[in-house]
Amino acid sequence: MARNLANEPARVAVMFRKMLVIRAFEEAAGENFFAGHIRGSVHQYIGEESIAVGICENLRDDDYLTSNHRGHGHSIAKGADPRAMMLELFGKVGGTSNGKGGSMHIADFSVGMLGANGVIADGCTISVGAAQAVKLLGQDRIVVNFIGDGGINRGPFMEALNWAKVYELPVLFVCENNQIAASTTTRLVTAGGGIAKRAESFDVPAITIDGNDLFAVDSTAGRVVSEIRNGSGPQLIQAMTYRLRGHFAHDDAGYRDAGEAEAALEHEPIRRTESWLLENGLSQDEIDGMRDEVKAEITGFVEDAEQADWPDPSLAFTDVQDVGAPIVPGAEQ
Amino acid sequence: MSEMTYAQAARLGLQEEMRRDPTVWALGEDLGYEGGMAGQYSDLQAEFGDDRIVDTPISESTIMGAAVGAAMGGTRPIAELRFSDFAMCAVDELVNQAAKARYMFGGQARVPMVARMPIGIRGGVAAQHSQSPEAWYTHVPGLVVVTPGTPAENRGLLKSSIRCDDPVVYMEHKGLWGMTGQVDESDQSAIPLGVARTVRDGRDITIVSWSAQVGVVSEAAAALSGEGISVEVIDLRTLWPWDREAVMASVSKTGKLLVVHEAVRVGGFGGEIAAEVAEELGVPVARLGGERIPIPFSIPLEEAYKIKSDRIAARVREMLA
């Protein structure tokens, strides 16, 4: 089943473009955060784009995905509209949640994206439940749960691994191991043999790959997704990567060794994929053109977000619950 | 009409809903062989299979979290937590996920699940198996909170909770499992959420209560009636949303309100009702609830925590004096 991307430069170019969209989105999110246009917290996915794109390229629209606080890349890769996402980051009407959720609560149920999540590892338990619904309803969807290396020390991760295996659920856990949990080096606070070993202790097959290698992610995901859809039960992919920025936009990552992030640039996924494309038929002009086009698109979304309407204050009181509505007299549901 | 217990009536309600809707299922510890702590799931696994009456590991976070995911995935799960005390291991999944998903995702999600977590003193199970934390959940936007007080209501309110598209915290009282009452099996209708029941009509004072405490309040009302004091007793049945209209109408008539609950008085839901009534009607209000102590084990200590009918009657006499 393993797919050899080297034979498919067109597929690589499509994925490369999605990675560029994520990168440009995240750069714009950071810029607008510092410019004061985006409030709260922005956790950028810069440097990890190949994982979301390589995994999601192997999913169907109706497959489910749960994400974490660093969810912009997962959402775009799963097919959420980056324009609506940018509007959401700005808190404007037309955002994925019309401004009610913001960066950490991006969701697009129309493409199976069941939500980013502000609580570490909570997506794990939601995923196994969604998979139980899939089984009960006789569907052949699978559920993908993105979790970071910091999340593996929470109980819900271990409960969900056990649960997924006990009921042989169609769940793919993807642990993006960027080796640092906020500002704490994960291995210093993690006992045992690591993420893959934890999964294996539950008889959940686990594979560790270079997450910055789009080819490795795509071919591994292609095989594993197909196995899960055909009834293998849950599996885990540990994708090694590196967070090129701080935990959130306003974190300068001063806890890192000098030169560490610069050295990591050599291995970052966009540069690596670009080199491959240059060796396999695309010209620098074509790539630059693609990059400019994507940048212009995202700039347009930012302009749209700046100009979009603020939500009417009455919207604060809607979509809470059916029973007991309206929350305040006159508020529509 | 048939006579059945509170636990049997709940079992009947669940069975009826599971027959009616194939997307209804239950997950929790010991639902199959044991049939739940009080037999409220008894033999249902034989009828519906182990993928609809699911025996789970002792993983409260995942019982609750999986119910959230399964509800988003188009089914109607009932998450059985056995004790409201144990549900505290899963408050994050209930409060941060179930209650907020619809709102924070801008209306894209519905989480039609029932989180079933019995409350109350059953006798001798002490501090970690006897609490009544219903007020906690009334404080959380997005949740419905239901406290059935009779067999018929435990059937009818469970049915409406299962059919509800909001997440419902369903709190049976462990002391009521064996309570018997008449249930009309031919009537398949659900009891609407948010509607109180007037247990006893009266003129002089309104007592609002819920769950097992309603029985104690009714004893007090009966005793007071022998003294010529006429007490109106209201069982809220649903705490959020509570039946404001019924309570205000009753207190407008009687002119006085006493709220009585088994839960700790400090921060209890009685304070909310008393405050709303006082603000709107400006009448005398009072509360009776447990002292702010953990539920003790030994018989005289446990009894000392409870709000007995003589205390309720004494409080009423004071208010009417």
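The values are calculated or read from the model by the stated rules, or taken from the named source; none is laboratory data. For clarity, every value in this text was computed on a predicted model and none was experimentally measured. So basically every Cβ, Gly included, is an ideal-geometry build from the backbone, and we count neighbours across all protein chains shown.
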Can you tell me which residue is nearest to the other protein chains (Cβ to nearest Cβ) among those in region A:132-148 that are assigned to a helix (DSSP H, G or I) and crowded, with 24+ Cβ neighbours inside 10 Å?
A:A133
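Could you please let me know if A:G129 is under 20 Å from the mean Cα position of the chain (by Cα) and either without any contact (Cβ under 8 Å) to a residue 24 or more places away in the chain or surrounded by fewer than 18 Cβ atoms within 10 Å (Cβ to Cβ) (or both)? Step through it out loud before you land on a result.
On the way: under 20 Å from the mean Cα position of the chain (by Cα): yes; either without any contact (Cβ under 8 Å) to a residue 24 or more places away in the chain or surrounded by fewer than 18 Cβ atoms within 10 Å (Cβ to Cβ) (or both): yes.
Yes, satisfied.
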Can you tell me which residues in region B:134-164 are farther than 28 Å from A:A130 by Cβ, out of contact with any Lys or Arg (no Cβ under 8 Å at 6 or more places or on another chain) and away from every other protein chain (no Cβ under 14 Å)?
B:E134, B:A135, B:T150, B:P151, B:A152, B:N154, B:R155, B:G156
Out of A:I55, A:I22, A:I46, I need the residue that is closer than 30 Å to A:A133 by Cα, away from chain B (no Cβ under 14 Å) and either of a type in the set (S, T, N, Q) or touching a helix residue (DSSP H, G or I) at 6+ places or on another chain (Cβ under 6 Å) (or both). Which one?
A:I55
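Residue-wise test of (1) among the acidic types (D, E); (2) within 21 Å of A:N117 (Cβ to Cβ); (3) under 17 Å from the mean Cα position of the chain (by Cα).
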| position | (1), (2), (3) |
| --- | --- |
| A:G151 | no, yes, yes |
| A:P170 | no, yes, no |
| A:N177 | no, yes, yes |
| A:A196 | no, no, no |
| A:E200 | yes, no, no |
| A:P205 | no, no, no |
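Got a number for residues in region B:115-152 being assigned to a loop (DSSP other than H, G, I, E, B) and among the hydroxyl-bearing types (S, T, Y)?
Here is the first cut: in region B:115-152, the ones assigned to a loop (DSSP other than H, G, I, E, B) are B:117-118, B:120-133, B:139-143, B:147-150.
If we keep only those that are among the hydroxyl-bearing types (S, T, Y) as well, we get B:130, B:132, B:147, B:150.
Going through region B:115-152 one residue at a time, the tally reaches 4.
So which helices (runs of 4 or more DSSP H) stay within region B:1-84 end to end and still have 3 or more residues that are modelled with pLDDT of 95 or more and buried (at least 24 other Cβ atoms within 10 Å of the Cβ)? Working first, answer last.
Details: elements: B:6-20, B:44-48, B:60-72.
Correct list: B:6-20, B:60-72.
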Strands (runs of 3 or more DSSP E) fully within region B:153-271 counting 1 or more residues that are closer than 14 Å to B:I312 by Cα, over 18 Å from the mean Cα position of the chain (by Cα) and of a type in the set (S, T, Y):
B:205-209
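So, B:V54, is that one over 23 Å from the mean Cα position of the chain (by Cα) and either closer than 29 Å to A:M113 by Cα or not assigned by TED's automatic domain parsing to the domain that holds B:P148 (or both) or not?
yes
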Inter-residue pairs, beta-carbon under 7 Å, first on the phi < 0 side of the Ramachandran plot and more than 9 Å from chain A (Cβ to nearest Cβ) and in region B:47-59, second surrounded by 13 or more Cβ atoms within 10 Å (Cβ to Cβ) and part of a strand (DSSP E or B), 6+ apart:
B:I53/B:A26
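Any residue at all in region A:94-107 that's more than 12 Å from chain B (Cβ to nearest Cβ) and either out of contact with any Lys or Arg (no Cβ under 8 Å at 6 or more places or on another chain) or closer than 26 Å to A:Q238 by Cβ (or both)? Before you say what the answer is, go through the steps one by one.
First, pick out the residues of region A:94-107 that are more than 12 Å from chain B (Cβ to nearest Cβ): none.
Within region A:94-107, none of the residues are more than 12 Å from chain B (Cβ to nearest Cβ) and either out of contact with any Lys or Arg (no Cβ under 8 Å at 6 or more places or on another chain) or closer than 26 Å to A:Q238 by Cβ (or both).
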B:M88 passes all but one of (1) more than 11 Å from chain A (Cβ to nearest Cβ); (2) out of contact with any strand residue (DSSP E or B) (no Cβ under 8 Å at 6 or more places or on another chain); (3) assigned to a loop (DSSP other than H, G, I, E, B); which number fails?
(3)
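Between A:G129, A:G138, A:G112, which is out of contact with any helix residue (DSSP H, G or I) (no Cβ under 9 Å at 6 or more places or on another chain) and under 23 Å from A:N230 (Cβ atoms)?
Numbers: A:G129 fails: out of contact with any helix residue (DSSP H, G or I) (no Cβ under 9 Å at 6 or more places or on another chain); A:G112 fails: out of contact with any helix residue (DSSP H, G or I) (no Cβ under 9 Å at 6 or more places or on another chain).
Exactly one of A:G129, A:G138, A:G112 is out of contact with any helix residue (DSSP H, G or I) (no Cβ under 9 Å at 6 or more places or on another chain) and under 23 Å from A:N230 (Cβ atoms), namely A:G138.
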